[in-house]
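One structure is given below, encoded as structure tokens.
The values are calculated or read from the model by the stated rules, or taken from the named source; none is laboratory data. Since the model is a prediction, treat every value here as computed from it, not as a measurement. Here the Cβ positions follow ideal geometry from the backbone for every residue, glycine too, while neighbour counts run over all protein chains shown. Note: areas computed on protein heavy atoms with side chains; ligands, DNA, RNA excluded. Shrake-Rupley method; radii C 1.70, N 1.55, O 1.52, S 1.80 Å.
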Amino acid sequence: MYSGSQTSQNQTSSDFILVGLFGETKHALLLYTATFIFFLMALAGNALLIILVHLEPRLHTPMYFFISQLSLMDLMYISVTVPKMLLGQVTGDHTISPSGCGIQIFFYLTLAGAEFLLLSVMAYDPYAAICRPLHYPLLMNQKVCVCLVSGCWFLGMVDGFVVTPIAMNFPFCHSRKILSFFCEAPALLKLSCSDISLYKMIMYLCCVLMVLIPIVVISSSYALILHLIHRMSSSESRRKAFATCSSHMIVVLLFFGATIYTYMLPDSYHTAEQDMMVSAFYTIITPVLNPLIYSLRNKDVTGALRSRMQSGLILRKVVKRKS
């Protein structure tokens with residue numbers, strides 16, 4: 001449970017207080033235990049997918065390279081926010097220093113921005129495979145894929161470097177209690193007593209660049225894909241084309257929908273408590289769902305996992321015989 005006395009003892013005048021995800025609800029212990037389980041599932045699922053893509057030759061394709069990068073982002077994404085929250089719940093110290101808050105905001109914005117752009121790159125890959133099959137080896141060769149992913153990481157870092165200093169340089173002269181379970185810029189700026197219109201304008205421009213542009217790219221790619229699918233005469237070809245795109249579309253809807261709700265809708269459309277629940281969804285739940293969506297719905301991944309498990313069993317038997 002939230003321990004105000006212990007927190008106040010550990011807090012300095014410049015520290016912020018994170019209220020936590022569940023506050024002082026009756027079943028907080030059970031809910032935080034479930035959060036810890038989700039955290040472990042996200043770590044295990046994304047790490048397994050990264051290792052599997054790296055080791056299995058059949059997964060050495062542009063699509064799975066992008067999926068492994070998405071898993072890396074999700075793994076880092078959840079690690080930036082959840083451990084601090086769980087540690088605070090165990091120790092009773094819910095404070096976070098300004099430098100720690102700035103680090104959380106920077107990595108959160110960097111990873112979110114990089115993921116937005118990566119999802120748009122992942123939409124271009126099926127477009128090239130389905131609509132430009134003869135040019136696909138040239139359009140999506142290894143060098144191009146590495147450059148695209150590097151660009152996603154670089155632009156995500158630019159987003160973090162631009163927004164974080166602005167958010168942290170505002171004076172905070174009211175309560176230092178952040179109504180969130182991590183340092184999220186919109187929740188932090190509600191504590192400021194100065195004019196934050198400049199920040200809101202910059203955040204809006206960043207959202208336009210990092211959210212709307214990827215949405216345009218994704219929508220255009222899938223509009224062209226659906227147009228081509230509609231013209232296919234074979235039902236089997238249509239089924240395979242839909243299967244190629246469906247997993248990615250689910251991830252896009254989950255991630256972009258929650259982000260648009262938090263960052264682009266006016267404040268009058270949502271409360272701080274609703275923002276925290278939505279933030280928990282795309283910070284905790286989405287990293288758990290992504291590897292499940294891309295593995296359970298994908299025969300290549302499940303086949304590669306089975307072959308690796310069988311290889312491991314065979315290796316154990318050989319070792320036992322020799323010993």
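Quick look at the values:
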{"quantity": "Average Cα contact separation per residue, the stretch 36-141, under 8 Å, 6 or more apart, as relative contact order %", "calculated": "26"}
{"quantity": "ILE285-VAL144 pseudo-label distance in nm [points 7 Å out on the Cα-to-Cβ vector]", "calculated": "3.6"}
{"quantity": "Gained length - SER99 relative to LEU226, 0.36 nm times residue gap less alpha-carbon distance", "calculated": "41.0 nm"}
{"quantity": "Additional length obtainable on full extension of the chain from LEU305 to LEU87, 0.36 nm per residue less Cα span", "calculated": "75.2 nm"}
{"quantity": "Calculated FRET value between ILE37 and SER246, using beta carbons and R₀ = 25 Å, to 0.05", "calculated": "0.35"}
{"quantity": "For peptides 53-59, 213-219, 196-202, sequence by mean Cβ density within 10 Å, most packed first", "calculated": "213-219, 53-59, 196-202"}
{"quantity": "Computed FRET value (nearest 0.05) for LEU29 with LEU55, which takes r as the C-beta separation and R₀ as 41 Å", "calculated": "0.60"}
{"quantity": "Area of ARG306 that stays accessible when all protein chains are in place (1.4 Å probe, Å², to 10)", "calculated": "140"}
